[in-house]
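Remarks on the structure that follows.
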Amino acid sequence: MNKQQAAEKLINLFGDMNIIGVLHSILVETSKYIIIILFAIYTWHCFTVFIGRNKEREQRVYARQQKMMFAIHFIATFVLFLNSLDKNILIFYVCQFLMLVFMCKAYPFVYKGMSKLVLNNMMMLLTIGFIMIERLSTVDIIRQMIFVAAIGVVALFIPFIIEKFPYFDKFGVVYALIGIAMLSLVFVIGKEKYGARNWIIIGSFALQPSEFVKIIFVFFAAAFLSRVRNFADVVKVSIPAAIHVLMLIAEKDLGGALIFYITYLVILYVSTRKESYLVLGTGALAAGAVLAYKLFYHVRVRVSAWKDPWSDVANKGYQVTQSLFAIGTGGWFGMGFCEGTPEKIPVSKTDFIFSAICEEMGVFFGICIILVEISCFIMFINISLKIENRFYKLTALGLSVEYMFQVFLTIGGVTKFIPSTGVTLPLVSYGGSSVTSTLILFAIIQGLYVINNKRGDDDEAES
């Protein structure tokens with residue numbers, strides 16, 4: 001049932017179209033500001049929770065954040081239901097609610113000593129994704145929920161695996177071979193999608209191998225660079241790293257290639273502390289960007305659309321202009337949930353979901369999303385700094401950089417800050433491969449942190 005049909009049904013029930021229209025307008029406007037205020041307070045807590053280092057206060061803040069998340073979820077679902085009167089929305093709400101409650105209870109039990117702020121941020125971003133994907137497609141939300149539920153259960157075993165198999169740093173060559181093999185699959189059975197041949201499609205199931213390889217890639221880089229001693233060691237690890245990047249370029253997955261490259265460069269610099277590698281790497285990146293511009297037509301199209309999208313609004317600049325129109329139309333406080341036209345934005349469920357959110361929830365809400373993403377990154381880096389094991393430290397660092405750089409590429413692309421690279425917004429965008437790999441990323445960092453704290457406590461007990 002669409003919005004018009006829902007309105008007609010309400011008119012039949014209540015009989016007065018004017019009253020229904022007024023009540024609907026009041027509901028949309030009121031709910032919009034309540035959601036924005038709740039999310040703003042939630043975001044404020046992300047950066048003030050540690051003031052004073054009062055543990056009891058921290059626990060109260062975490063509990064308050066979760067209440068705000070559930071309130072936002074309920075209000076948005078209520079508005080969505082009234083706009084469609086689709087009973088499936090109520091079923092989706094119950095399923096999503098149970099998943100979030102499960103994470104709230106099960107994860108702190110398994111990940112003892114975990115960062116609860118990271119957990120809350122993960123669930124909040126998932127909630128925003130659920131709300132927006134469901135608003136755009138009731139079919140796609142089912143798939144997203146299935147992936148989240150499945151990987152949400154699997155992630156509970158990650159601390160156990162890390163603790164029981166303490167030799168992950170010994171398999172650098174294996175990680176490299178697995179990563180290269182998975183990327184090679186797309187050359188054999190891969191399909192082209194949005195200009196890049198980086199998908200494996202079997203029936204209605206689509207898989208993006210690079211989303212999973214980026215985690216394996218960090219393990220590979222950390223395994224080798226945690227033991228690097230001289231320039232020869234750097235060359236040995238840089239060759240398979242370059243193969244990963246070049247394969248992604250050959251697939252025309254330039255966004256993925258850029259994420260891999262920057263992640264490797266950061267891990268290399270942190271492990272060696274040599275500025276010369278950073279300078280050489282930056283120079284090679286600039287040269288590679290120029291080369292990619294000359295070699296790939298779709299790169300030239302995206303750069304052209306970034307420089308002047310208004311010169312060809314109907315073709316090359318269509319994605320960017322529609323994104324900017326949506327953000328501009330929404331203004332600071334949005335048009336109201338379900339009151340915009342996000343379906344006019346190309347790939348609004350994936351690459352451009354941030355634009356769709358800003359149109360209906362406002363730029364202020366979008367800024368809060370960015371701040372929550374930054375809060376995650378800060379916590380990831382903080383966790384990395386606290387880990388004593390060098391391999392685990394570099395692994396947490398690499399995953400942190402991958403996560404935040406992907407956020408930068410996504411939001412930078414949709415706001416015309418940089419050319420669009422075709423990557424998704426972690427945990428918010430639709431996509432089984434994307435949400436699965438990101439949840440695994442969060443779980444690994446939390447698992448490493450928990451294991452590090454546990455070993456520290458054991459050492460103190462022995463001493």
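Every number here is computed from the coordinates shown, using simple stated rules; none is lab data. All of these numbers come straight from a predicted model, not from anything done at the bench. FYI the Cβ positions are ideal-geometry reconstructions off the backbone, even for glycines, and counts take in every protein chain you see.
Can you give the net charge of the other residues whose Cβ lies under 15 Å from the Cβ of Leu258, counting K and R as +1 and D and E as -1? Charge balance near Leu258 sits at -2. When all alpha-carbon pairs of the range 357-407 are counted, what percent fall beyond 13 Å? It works out to 60 percent of all Cα pairs. Compared with the dominant principal axis of the Cα atoms in the chain, helix 17-48 is inclined by about 30°. Considering every alpha-carbon pair of the range 117-166, the percent of pairs per 5 Å bin, from zero through the bin containing the longest distance, is 4, 18, 20, 22, 15, 10, 6, 4, 1. Magnitude of the charge dipole for the chain, about its Cα centre and with charges confined to Cβ atoms of Lys, Arg (+1) and Asp, Glu (-1), is about 660 debye.
All C-alpha pair distances within the range 313-419, sorted into 10 Å bins from zero, spread as 15, 38, 25, 15, 7, 0 percent across the bins. Reported value for the range 310-352: 72 Å³ per residue, from the convex hull of its C-alpha atoms.
Find the relative contact order for the range 78-153 and round it to a whole percent, using C-alpha pairs within less than 8 Å whose residues are 6+ positions apart. Walk me through the numbers on the way to the answer.
Numbers: 22 pairs, mean separation 20.9, N = 76.
Dividing the mean separation by the residue count of the range 78-153 yields 27 percent.
Determine the shape class of the range 258-365: with a ≥ b ≥ c the square roots of the Cα gyration tensor eigenvalues, call it rounded for a/c under 1.5, and otherwise prolate if a/b is greater than b/c, oblate otherwise. Each step should come with its number before you reach the end.
Details: a/c = 3.44, a/b = 1.75, b/c = 1.97.
Oblate, because a/c is 1.5 or more while a/b does not exceed b/c.
Residue-wise HN-Hα couplings along the range 105-110, as the Karplus relation 6.51 cos²θ - 1.76 cosθ + 1.60 with θ = phi - 60° gives them from phi, are 8, 6, 5, x, 5, 7 Hz; Gly and Pro carry x.
A crude spin-label estimate for the pair Ser184 and Glu343, with each label 7 Å from Cα along the Cβ direction, gives 4.5 nm. When you restrict to C-alpha pairs under 8 Å that are six or more residues apart and normalise by the size of the chain, the relative contact order lands at 19 percent.
Comparing Ala106, Ser348, Phe231 along the charge dipole axis of the chain, the residue lying farthest to the positive side is Phe231, per the Cβ-charge model. Label-to-label distance, Trp332 versus Lys164, with points set 7 angstrom from Cα along the beta-carbon direction: 5.5 nm.
Computed as a quarter of the hull surface, the mean projected area of the alpha carbon convex hull for the range 90-249 stands at 12.1 nm².
Pairs of Cα atoms nearer than 8 Å and 6+ residues apart set the relative contact order; for the range 311-463 it is 21 percent. Once backbone amide H atoms are built at 1.01 Å from N, Met335 has Glu360, Met361, Gly362 as its partners under 5 Å, excluding neighbours fewer than 5 places away on the same chain.
Mind putting a number on the dipole of the range 93-207 about its Cα centre? Charges go on the C-beta only, +1 for Lys and Arg and -1 for Asp and Glu, and I need it in Debye to the nearest 20. Before the final figure, lay out each step's value.
Working: 10 positive and 5 negative charges, 15 e Å.
In debye, rounded to 20, the range 93-207 gives about 80.
Starting from the alpha-carbon convex hull of the range 177-307, give the projected area averaged over all orientations, in nm². Mean shadow area of the hull around the Cα atoms is 8.7 nm². Relative to the longest principal axis of the Cα atoms of the chain, the long axis of helix 172-189 makes an angle of roughly 50 degrees.
Take the Cβ atoms of Thr30 and Ile202, set R0 to 45 Å, and the FRET efficiency comes out at 0.45. Would you mind pulling out the separation of the Cα centroids of the range 85-137 and the range 300-359, in Å? Cα centroid of the range 85-137 versus Cα centroid of the range 300-359: 27 Å apart.
Quick check: residue separation of Val313 and Asn88 times 0.36 nm, minus the Cα distance between them. What number comes out in nm? Walk me through the intermediate numbers first.
Details: separation 225, 0.36 × 225 = 81.00 nm, distance 3.73 nm.
Extending this stretch completely gives an extra 77.3 nm.
The ratio of the alpha-carbon radius of gyration of the range 20-155 to the globular-protein estimate 2.2 N^0.38 Å is 1.13. For the range 106-196, the share of alpha carbon pairs falling in successive 5 Å distance bins from zero is 2, 10, 12, 13, 15, 17, 17, 9, 3, 0 percent.
Per 0.36 nm of contour for each residue apart, how much would the distance between Arg227 and Glu56 grow if the chain were fully extended, relative to their Cα-Cα spacing?
On the way: separation 171, 0.36 × 171 = 61.56 nm, distance 4.08 nm.
Gain on extension, Arg227 to Glu56, equals 57.5 nm.
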